[in-house]
Every structure is written in structure tokens, then in C-alpha cells.
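This report concerns only the one structure given below.
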Amino acid sequence: MFTGIDEVDWASLRHAYGSAEDVPGLLRGLASADPAERETALDGMYGAVHHQGDVYDSTLACVPFLLALVADPDVADRGGIVELLVSIGSESEERQDSVEDGPHLRAGDAVRAGAEVFVRLTGDADPSVRRAAPAALVRFVDRPALVLGLLRERFAVERDDRVLLALAEGLGLFVRRRPGRAADALDLLTAQSSARYAPGLRLAALGQLADCAPDRLPPDLVAVAVGLLRERSQRRPVGRDGAACPHSETLVRRLRRLRPSDEEGSQLLRTLHRGLGDRTDDRIALIEGQLSCPDSVDRCNAVWMAAGLFREWRADVTGPVALIGDQLGGDEDRLRDASVSVLGDLFHLAAPAADGLATLVSSRPDLWVRRWERAAPTLGGPLKALARAGDSRATPVLAQVLAGPVVPDDLGHVISHLGPAAGPLAPALRHRLGGVPPDSPGVFERAVPLLSALTALGDEEAVPEVLRLLRGLPEGLRLREAVVESAVRALGSFGSAASPAIPVLRALLSTGYAAVAAGALWCVEGDAAAVLPVLADELAAGRPGRRAAAGALARLGASAGPALPGLVRMIGSGDLWERVSAACAVWRITGDGDQSAPVLRAAWAENPYTRRTITTCLADLGPAGAPLHDLLRAELAAPRRHLAMTSGGYGSHDVLDDERLLRGCEEALASG
């Protein structure tokens, strides 16, 4: 199976970490008799040769040897190698719109060249190989009649439940890839969803039909799916997933350990939810049914399904959020932790679960602070979620944490979400900021969150502590720039109460902090003559502070008229964010949107992350922003969260950012 492997010039090929000269060892490791060595080799393939889904010239060189490995029945764990081949070959489809002429575009052809091996693997003696084979068969064997015939044949003889689920997924993939040949496949899928089959297979078939033929779904889909889920749970073997393994730790094993305890059930429901797509009413009803199941594993899966719905779709989620809150009182750690994690990312949308969070916080002081072995402590999940929800019951607990010997670095950022309810915490926050040594290596981690909280509270009494920090920061301090800018913005937020800071802010006008300092000085002193030349120079010089300068000029309003030529030139910048900042400033200074509106409209369509900035500008403009109000109305009517259009991953503030966008749209329309 390794014929010719030593004739490949591996040293001249590359993978994620440089020379691919170690790849022959990985390939031979996949054929080892030692399970630990096989797993380590597969880990290395994913970690270097197929790192984060990338395809290199060494990846392509591996394909013939990987195909030979899966064809040899004496090689163990071939199912994982088939999955690796599917992932490699699928890259050409994932990047088919790319103009890059590289290994990614040749990956599919490389796997397809030896794809006949997958025909034999559908009947392999190893069930893990049979489970991996349908996806490879459908993707890479270009004989649709043969493929469909094999899938039908395997349904008739297969007895392994997990292989049957993979066959159902293969049928759905066949329908999506070959819509002209889909009729027979859909008939077969529909048959698998009938009452004569096991609940897991029926759920799998329903999920595939939801994705590719929703007209074939039963009218009472939610009730059927929840009933099947409960029936499946009653039959589910205990302890089949997540078994411990004695080998050394690998990336593959870490990933497996992070999977749900019922990975199969999670995948079944995820497929059904994905197929339902924008049918949010059905999806919410399904989640509520899942969250009402007697089996805690089903409820845990439901919590994670709910997270996917919440972060992608705009809907009334009061019901499922309240049910997630009900999961906090049990003794299942995995379920509780999942619920806390999801609620923590919902911010004010978690309010229906606030009672459950408050009860958990009051009963478990040990969860107030989370301590890590090699990192600074952070605020515990339940307390963080309660504060992010804006619930005042978090305030006295946070006060106790602030009074303790160790204050989590992220506490300041969390406090800002409490709004006025955090007012009683201001003295403790000032005290903590006053205790931060300006020359300490961790000043950024300790001071910036505290500055953020004091800024959000508008705590004017914090001026002395902010000035002490600002004056004491030594040159060359790590992340000094971020600390200075946070302190300066805090002073600006205090307005005229920060007048003792005027000399310090004026001194910063001749430094690299000129733009942010000028903006703060205007807020404190209100003297346009003092800041206008500085801001105009920032624009003309093309410095990194141009965006901050444009934002400050916008706040000056008509007083910033002399800076208009520089702002107009900046509208033509090659940087999207500079164009947006300049266009907003010009519109607010002149009150005329003829020049700015087209720029902002284009930016709104090009990058959804600009929308909050643009919406804030329109709210400040009031009726003058009417030319773009159609964008706001369309945003409010859109069912999908705007971040979902560009974010391939998931950030903990995605829902918050989108909710703030919606609130901004409403405020801007109300102001006009």
C-alpha cells in the first residue's frame, strides 16, 4: 500500500508547519497495529497535512496512499481515514468560487480518481467503514444509478443503527447533489420515515426531508419528532458514547471529549433544525418539546440546538429561554453548564431565565468566581449571565466579589450591562482602579475593564483615579496605547466634571493619541478652536487616528466646517471603515446627505458590521437621515441576524450586537 512512497520528494512539499518530510511516518502510522500510534497519526494528519481544512501539495500527494489504506481490510480504523478523504476531497466544492489555482481546487479530482474503492467499502465488515462510506460514495462516484442502487441495497441488509443513519444522510446528499435523479431517492427517504422503522432512523429521514423536500414532511412534524426523540431515548444504550481511552492525549481525542454525551442524537436534531431553516415557529416548538423531555441528555442537546437558533434568527424566544432557565436547578452538571453558557450569550434576552440564574447564584457561592490553573480568574458563568441579563440581583453579589481578595479581570466589562443598577458598585470600582499600579505588567487586564465600567456608569467622581493611572503609565508598557485610550475616553465621558484633566488632555494633543485626546477635550471643555486644528492635521497626515478624528469632528457639528475638505477626501479612502466614518461626519456637520448617503448605503450592503455605526449616525441626524430609513425598515423586517451573513464562526457578543442594531434602527426611525 506504500509503493512509491519513498520516491516522493516529501522534503520539497509543504504542510501547515513547513516541510512535509515527516508525512511518510504519519501515513505508515495509520497502518500501525498499535491503536495509540494510529490515533496519533490521524491526529497529525488533521493537525498538519489537513490543518483546519486546508489542502497543501503534500495533502494531494497523500491521497493515493490514503486510498490504498482504506482498500486494505487488514488496516484497522479505516473509517477515520475515509472521513479524512471526504474532508480533503470536499474542499474543491467549498472553494469552487475561488479564483485561486491551488491544491484546494484539485482535491476533489484527486479523491475522485480512486473513488471506486468506496463502492466496495459500503459492504465492508467494519461498521465504522460502512458508516463513513455513504458520504464518500455520493460525493465522488460519478455513476448515480449505481450509487442509488447501492444505497437501496444497503438499507435492505444493514443491521447497524449508526450505519443506517449514515445511509439516510447519504440519500439526502444524493438528492441535493443530483436533483434530476432525486425522485427515487426521495421515495426511499420517505419510506424510512414511516412507522415501521426505528425512531432514530425515522428522525434521520425527517431531517433529510426537511432539508431537501419539506413538502413530504408530516403536517404534525413537531409532535412526531418529539415523540420519536422520547422513544429513542428509552431505547438508547447507556455509556455507549464518550468511552475513556488509555492512550496519550491527542487533538482527535480532545475533540471527541467535547462532543455531546449523545452525539448521535445531537446530530439527528441538528440536521432537522438545519433543514427547517427559517421556520422559526416550528423550531421553537421543537426546542420546547426537547426541553420538556424526561431524559436530561435530550434536554442538554436541546439547549445547544437553542443556541444555534438564538444566534442566527430573530424570533420571540421567551418560551425556550424560560425552559432553559428551568434546567439550572437540577443536579446534572453537564446540563447546568450548557444552560449557563447559552444564557450568558443572550444578555437581556436571558431575562425569562433570570429567576433560575438568581437562585443558582445565591445557592452556589462557589460558582461566583472561576479559577483556572494557568490563567487569571474570571467571573463565574451564572453570575456573569445574571449581570449580562441586566438583573439587579447581581449587584450585591458583585459587590461581594469586588470586596474579595481577588477580582476577576472581566468583572468590569460585565458590570456595564447592569445599567443604572450597577450604580452602588461605583465606589468599589474606583477603589479597585486606584489600587492598580500604573507600571505593573498586568495593567491592561486589570485597568481597562474597570475603566469600561466607570465609563458606562458615567462616574464623575472617578476623575482622580483615572488621572493617577494616566499620569503614571511608563513608556514601553505592554498595551500602553489601549490603556491610555480607555482612560482618555473615560475622562471624555465625564464631561465638564473632568476639567482637572484638561492639562493632561492638552499635553496629549501633540502625541500619537491626538485624535482621541481631542475628542475627549471637546467633551470636557467644549472649545472647538482648541481641537479643530489637531483633528484637521490628523486627517491630512493620514495617521491611524483618522477614524477617531472623523468621529470627533462629527460631534463638533457645524463648528467642524473648516475640516470638511479633509473629510471629503477621506470619503474616497480605500478603507471601508474610514469611508463610513468620514461620510457620517460630513453628513452630521453639513446636514446634507447628498454626498454621504450613497457611500453609507454601499457600505451597509458590503459589510453588515458597519450597520451599527451607520444606524447611530442616522439616529443623531434625526429627520435629516430619512434618505436611508428604508435600510432601517428592511433590517427590522429581516428574520436573520445580520452577523449570520458574514460570520462563519460564533462570537459571544453576536446576539448582543444584533439586538443593539435592532434597537438602534428603532431609535433612528423614531427620531425621524
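Taking the listed residues Val407, Val340, Val361, Val401, the one that is β-branched (Val, Ile, Thr), out of contact with any strand residue (DSSP E or B) (no Cβ under 7 Å at 6 or more places or on another chain), farther than 28 Å from Leu309 by Cβ and touching a residue at least 12 places away in the same chain (Cβ under 8 Å) is Val407, with no other qualifying. I'd like to know if the range 628-646 contains one or more residues that are within 12 Å of Cys665 (Cα to Cα), open to solvent by 30 Å² or more (accessible area, probe 1.4 Å), free of Cβ contacts under 8 Å to residues at least 24 places away in the same chain and not small (Gly, Ala, Ser). So far as the range 628-646 goes, yes, one or more of its residues are within 12 Å of Cys665 (Cα to Cα), open to solvent by 30 Å² or more (accessible area, probe 1.4 Å), free of Cβ contacts under 8 Å to residues at least 24 places away in the same chain and not small (Gly, Ala, Ser). When the range 536-564 is filtered for residues that are on the phi > 0 side of the Ramachandran plot and open to solvent by 30 Å² or more (accessible area, probe 1.4 Å), only Gly542 remains.
When Thr250, Thr190 are checked against the criterion of being at pLDDT below 95 and in contact with a helix residue (DSSP H, G or I) (Cβ under 8 Å, 6 or more places away or on another chain), Thr250 stands alone in meeting it.
Could we say that Ala498 is open to solvent by 60 Å² or more (accessible area, probe 1.4 Å), hydrophobic (A, V, I, L, M, F, W, C), over 17 Å from Ser559 (Cβ atoms) and assigned to a helix (DSSP H, G or I) here? Here the answer is no, as Ala498 does not meet what is asked. Residues of the range 400-436 that are open to solvent by 40 Å² or more (accessible area, probe 1.4 Å) and more than 18 Å from Leu656 (Cβ to Cβ): Gln400, Ala403, Pro405, Val406, Asp409, Pro420, Pro424, Pro427, His431, Arg432, Gly435.
Of the candidates Ala552, Ala540, Ala558, the single residue that is among the small types (Gly, Ala, Ser) and modelled with pLDDT of 95 or more is Ala552. Return the pairs, sorted by first residue and then second, in which the second residue is in a loop (DSSP other than H, G, I, E, B) and open to solvent by 30 Å² or more (accessible area, probe 1.4 Å), the first residue lies in the range 22-38 and is basic (Lys, Arg), the beta carbons are less than 8 Å apart, and the residues are 6+ apart or on different chains. Correct list of pairs: Arg28/Phe2; Arg38/Ala31; Arg38/Ala76; Arg38/Asp77.
If a residue must be farther than 18 Å from Glu83 by Cβ and surrounded by 13 or more Cβ atoms within 10 Å (Cβ to Cβ), how many such residues does the range 155-173 contain?
The total comes to 4.
Cβ-Cβ distances below 6 Å connect the following pairs, each with a first residue in the range 225-243 that is farther than 11 Å from Gln290 by Cα and open to solvent by 40 Å² or more (accessible area, probe 1.4 Å), a second residue that is at pLDDT 75 or above and in a helix (DSSP H, G or I), and a separation of six or more residues or different chains: Glu231/Pro199; Asp241/Glu263. Given the residues Val443, Val342, which is the only one that is closer than 27 Å to Phe494 by Cα, among the hydrophobic types (A, V, I, L, M, F, W, C) and open to solvent by less than 20 Å² (accessible area, probe 1.4 Å)? Only one candidate passes the filter, namely Val443.
Kindly provide the set of residues from the range 352-383 that are in a loop (DSSP other than H, G, I, E, B) and either over 26 Å from Thr318 (Cα atoms) or not aromatic (Phe, Trp, Tyr) (or both), ordered by number. Those that are in a loop (DSSP other than H, G, I, E, B) and either over 26 Å from Thr318 (Cα atoms) or not aromatic (Phe, Trp, Tyr) (or both): Arg364, Arg371, Trp372, Glu373, Arg374, Ala375, Ala376, Pro377, Gly380.
Checking Glu264, Glu231 one by one, the residue that is of a type outside the set (Lys, Arg) and modelled with pLDDT under 90 is Glu264 and no other. Ala603 meets each of the listed conditions (1) aliphatic (A, V, I, L, M); (2) over 28 Å from the mean Cα position of the chain (by Cα); (3) buried (at least 16 other Cβ atoms within 10 Å of the Cβ) apart from (2). Can you find a residue that is polar (S, T, N, Q), open to solvent by less than 50 Å² (accessible area, probe 1.4 Å) and either touching a strand residue (DSSP E or B) at 6+ places or on another chain (Cβ under 9 Å) or more than 21 Å from Gly265 (Cβ to Cβ) (or both) anywhere in the range 114-126? Scanning the range 114-126, I find at least one residue that is polar (S, T, N, Q), open to solvent by less than 50 Å² (accessible area, probe 1.4 Å) and either touching a strand residue (DSSP E or B) at 6+ places or on another chain (Cβ under 9 Å) or more than 21 Å from Gly265 (Cβ to Cβ) (or both), so the answer is yes.
Yes/no matrix, rows are residues, columns are (1) more than 18 Å from Pro103 (Cα to Cα); (2) modelled with pLDDT under 95; (3) touching a helix residue (DSSP H, G or I) at 6+ places or on another chain (Cβ under 7 Å); (4) not aliphatic (A, V, I, L, M):
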{"site": "Thr3", "(1), (2), (3), (4)": "yes, yes, no, yes"}
{"site": "Leu13", "(1), (2), (3), (4)": "no, no, yes, no"}
{"site": "Val23", "(1), (2), (3), (4)": "no, no, yes, no"}
{"site": "Arg28", "(1), (2), (3), (4)": "yes, no, no, yes"}
{"site": "Ala41", "(1), (2), (3), (4)": "yes, no, yes, no"}
{"site": "Gly53", "(1), (2), (3), (4)": "no, yes, yes, yes"}
{"site": "Ala61", "(1), (2), (3), (4)": "no, no, no, no"}
{"site": "Pro64", "(1), (2), (3), (4)": "no, no, no, yes"}
{"site": "Ala71", "(1), (2), (3), (4)": "yes, no, yes, no"}
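Residue by residue, here is whether (1) under 11 Å from Leu229 (Cβ atoms); (2) open to solvent by 50 Å² or more (accessible area, probe 1.4 Å); (3) not acidic (Asp, Glu) holds:
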| position | (1), (2), (3) |
| --- | --- |
| Thr271 | no, no, yes |
| Arg274 | no, yes, yes |
| Asp281 | no, yes, no |
| Ile287 | no, no, yes |
| Gln290 | yes, no, yes |
| Asp295 | yes, no, no |
| Ala302 | yes, no, yes |
| Gly308 | no, no, yes |
| Glu332 | no, yes, no |
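Considering only the range 183-199, state which residues are open to solvent by 10 Å² or more (accessible area, probe 1.4 Å) and of a type outside the set (Asp, Glu). Result: Ala183, Leu186, Leu188, Thr190, Ala191, Ser193, Ser194, Ala195, Arg196, Tyr197, Ala198.
Select from the range 387-396 the residues that are in a helix (DSSP H, G or I), within 29 Å of the chain's Cα centre (by Cα) and surrounded by fewer than 20 Cβ atoms within 10 Å (Cβ to Cβ) and list them in ascending order. Matches in the range 387-396: Thr395 only. Given the criteria among the acidic types (Asp, Glu), within 22 Å of Leu150 (Cβ to Cβ), under 30 Å from the mean Cα position of the chain (by Cα) and modelled with pLDDT under 95, does Glu83 qualify? Judged against the criteria, Glu83 is not a match.
Could you tell me whether Ala145 is surrounded by 22 or more Cβ atoms within 10 Å (Cβ to Cβ) and in a helix (DSSP H, G or I)? Against the criterion (surrounded by 22 or more Cβ atoms within 10 Å (Cβ to Cβ) and in a helix (DSSP H, G or I)), Ala145 does not qualify. Residues considered: Arg177, Arg181. Of these, the only one that is under 15 Å from Ala145 (Cα atoms) and touching a Pro at 6+ places or on another chain (Cβ under 6 Å) is Arg181.
Being open to solvent by 60 Å² or more (accessible area, probe 1.4 Å), over 25 Å from Val75 (Cβ atoms) and in a helix (DSSP H, G or I): is that true of Gly180 here? So Gly180 fits the description; yes.
The values are calculated or read from the model by the stated rules, or taken from the named source; none is laboratory data. Bear in mind the structure is a predicted one, so any value in this text is a computation, not a measurement. Because the Cβ atoms are built from the backbone with ideal geometry, glycine has one as well, and the counts that use them run over all protein chains shown. The protein model used for the area step is the full one, side chains on, heavy atoms only, and it has no ligands, DNA or RNA in it. Shrake-Rupley method; radii C 1.70, N 1.55, O 1.52, S 1.80 Å.
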